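Asker: Just dropping this structure here.
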Amino acid sequence: MNNKSIPSVSTVTALVLALTLVLPWGVFADAVVNKLDTTPDPAFESATILAGEAVTINFYLDAVTKADAPGCNATGNEPAYLTLTPPDGVAASWAGYPAPLQFIGCGVDNVRAITFSSSVPATYSIEASAFAMAGGKAGSVWDLTTAQFTLIVEEPPATNNPPVAGFSWLPLTPDEGQAVQFTDESTDSDGTIAVWSWDLDGDGAADSAAQHPSHTYLDDGVYHACLTVTDEDGSTATACHDVTVLNVPPTITCLSAPVDPVNIADTVGVTVCFTDPGLLDTHTASIFWGDGTDTTVAATTSGGSGSASGSHTYAQAGVYRVSVTVTDKDGGSDSAFYEYVVVYDPSAGFVTGGGWIVSPAGAYAADAALTGKATFGFVSKYQKGAKVPTGQTEFQFHAAGLDFHSTAYEWLVIAGNKAMYKGTGVINGQGQYGFLLSALDGDAKKGVCDQFRIKIWDLGAGRVIYDNQMGAADDALPATGLGGGSIVVHSGK
């Protein structure tokens, strides 16, 4: 016979005990067994299955009646039989056949299917026998014929369990521009993970092959981050999470404007610079000039830094507090202000004053409780064609022994009945001190009296020495009325 293997079939219910199978074929005469084989043409000698599987073998029996029998349909004749005893470890079944199994006719190949199964890997030799009862006598075997084949049961290949993907990240809600640390938490119950592939921004492309990558998001938003892991047997698993990245507002790092007083005929320029970790952000800068007008300009950015500039021409002399707000495309903003832009009109006039006030409590920084009479006298004006005013300022707070004398002026602003000027001087003939004097020329007819303020500070240390409106903004209107004397703002006409 030829060697030929047959494929395995679905596992059938196995018999747990070794059985002797007796399958009769009835021929109504004493039978002659011509052939018993496992296939009519060609024959095979072995079958191979995996442990736990089953295979069905077709047995073919060719039996005819004896020559001296009265005929195929004669009564009282014995059938032919097929017997098989499976070895230990092999179960055999023939479910579905009626008992007894008989056939009518002569010279016919008859197939009987037997299913074998085993859960024990080994090589088994199986033999089937066919015989007829001689002369119809029990126990008397006629024409005994056998057929053998080998059943090979192999160990099933090892089953690979796929990995389980998982990861975490910190911080949980990162800012744009902030490094995010991702930590692989994947497992593999029967092996190791060999490959990591991270898509950290949800665009479908791999961003890293590291096990624990770090990633920086350049803009705010919700990013669908995914990790795909592959074990050493090629099985894969994927885990995904949404990472919410927060917007970070820009930060103003500088704001520049003219330090020196600006002639009213000239244009004032302001430049703001800033940083923003959101590298994909765009920005605008809004400049509020302090005179009720504003300008919005587009900023230029590169590599997380940006700047914007604007210009303005003032219609009136004055001391202006300029503020700037930088806003990114997501609405985040930062603001800063510049104190002060001084705009003067050399043709607007000059200011003079003299008299005294009652210095309020808190005005003298060295002794806040100290009060009393303080005297003053001043003149400030622009000479024709000059950019810096000239004049002289005296202030004495007698209770404190403070005697201030100006040494230079920086600027003078006349706006209607208000005047403000700035300069430097000495206290009791020593040191270097800055001063800012504000004066209001009142209108007696309207019940508005003259008002005076002077602020003196140490130029080196920056600390305030005296201010009779301590804590007020530098551009605040003077609010200390005169106890005696007068202030006059002279028209330039």
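The values are calculated or read from the model by the stated rules, or taken from the named source; none is laboratory data. Note that the structure is predicted; figures quoted are calculated from it, not measured. Note that each Cβ is placed from the backbone with ideal geometry, even for glycine, and that neighbours are counted across all protein chains shown.
Asker: For residues in region 315-332 being crowded, with 22+ Cβ neighbours inside 10 Å and not β-branched (Val, Ile, Thr), which is modelled with the highest pLDDT?
Answerer: It comes out as 328.
Asker: Can residue 338 be described as more than 31 Å from the chain's Cα centre (by Cα), modelled with pLDDT of 90 or more and under 18 Å from residue 272 (Cα atoms)?
Answerer: Here the answer is yes, as residue 338 does meet what is asked.
Asker: Tally up the residues in region 473-490 that are touching a Phe, Trp or Tyr at 6+ places or on another chain (Cβ under 7 Å), closer than 17 Å to residue 377 by Cβ and either surrounded by fewer than 15 Cβ atoms within 10 Å (Cβ to Cβ) or not β-branched (Val, Ile, Thr) (or both), please.
Answerer: So the answer is 6.
Asker: Find the residue count for region 423-465, including only residues that are surrounded by 17 or more Cβ atoms within 10 Å (Cβ to Cβ) and of a type in the set (A, V, I, L, M, F, W, C).
Answerer: 11
Asker: Which one of 233, 260, 294 is at pLDDT below 95, acidic (Asp, Glu) and surrounded by 15 or more Cβ atoms within 10 Å (Cβ to Cβ)?
Answerer: Answer to the selection: 233.
Condition check ((1) surrounded by 14 or more Cβ atoms within 10 Å (Cβ to Cβ); (2) out of contact with any strand residue (DSSP E or B) (no Cβ under 6 Å at 6 or more places or on another chain); (3) among the polar types (S, T, N, Q)) across all residues:
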site: 159; (1), (2), (3): no, yes, yes
site: 164; (1), (2), (3): yes, no, no
site: 188; (1), (2), (3): yes, no, no
site: 199; (1), (2), (3): yes, no, no
site: 202; (1), (2), (3): yes, no, no
site: 207; (1), (2), (3): yes, no, no
site: 216; (1), (2), (3): yes, no, yes
site: 228; (1), (2), (3): yes, no, yes
site: 237; (1), (2), (3): yes, no, no
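Asker: When you scan region 184-237 for strands (runs of 3 or more DSSP E) that lie fully inside it, which ones turn up with 2 or more residues that are farther than 23 Å from residue 162 by Cβ?
Answerer: Ranges flagged: 214-216, 221-231.
Asker: Checking the condition without any contact (Cβ under 8 Å) to a residue 60 or more places away in the chain, surrounded by fewer than 18 Cβ atoms within 10 Å (Cβ to Cβ), among the hydroxyl-bearing types (Ser, Thr, Tyr) and touching a strand residue (DSSP E or B) at 6+ places or on another chain (Cβ under 6 Å), which residue from 311, 335, 302 passes?
Answerer: 311
Asker: Cβ-Cβ distance below 7 Å, separation of 6 or more or different chains: which pairs start in region 268-290 with a residue that is at positive phi and end on one that is assigned to a strand (DSSP E or B) and surrounded by fewer than 18 Cβ atoms within 10 Å (Cβ to Cβ)?
Answerer: Here the result reads 290/321, each pair linking region 268-290 to a residue that is assigned to a strand (DSSP E or B) and surrounded by fewer than 18 Cβ atoms within 10 Å (Cβ to Cβ).
Asker: Taking the options 267, 251, 284, name whichever one is hydroxyl-bearing (Ser, Thr, Tyr), under 24 Å from residue 414 (Cα atoms), surrounded by fewer than 18 Cβ atoms within 10 Å (Cβ to Cβ) and modelled with pLDDT of 95 or more.
Answerer: 267
Asker: With the requirement that a residue be polar (S, T, N, Q), in a loop (DSSP other than H, G, I, E, B) and either in contact with a Leu (Cβ under 6 Å, 6 or more places away or on another chain) or under 20 Å from residue 477 (Cα atoms) (or both), what does region 304-355 give you?
Answerer: Answer for region 304-355, where residues must be polar (S, T, N, Q), in a loop (DSSP other than H, G, I, E, B) and either in contact with a Leu (Cβ under 6 Å, 6 or more places away or on another chain) or under 20 Å from residue 477 (Cα atoms) (or both): just 316.
Asker: Here is a further query. Examine region 356-376 for a residue that is more than 30 Å from residue 483 (Cα to Cα) and assigned to a loop (DSSP other than H, G, I, E, B), and state whether such a residue exists.
Answerer: There is no residue in region 356-376 that is more than 30 Å from residue 483 (Cα to Cα) and assigned to a loop (DSSP other than H, G, I, E, B).
Asker: Is it true that residue 406 is within 24 Å of residue 259 (Cβ to Cβ), of a type in the set (Ser, Thr, Tyr), buried (at least 16 other Cβ atoms within 10 Å of the Cβ) and at pLDDT 95 or above?
Answerer: When the stated conditions are applied, residue 406 passes them.
Asker: Sticking with this one: For region 379-487, which fully contained strands (runs of 3 or more DSSP E) count at least 1 residues that are under 16 Å from residue 348 (Cα atoms) and over 60 Å from the mean Cα position of the chain (by Cα)?
Answerer: 390-397
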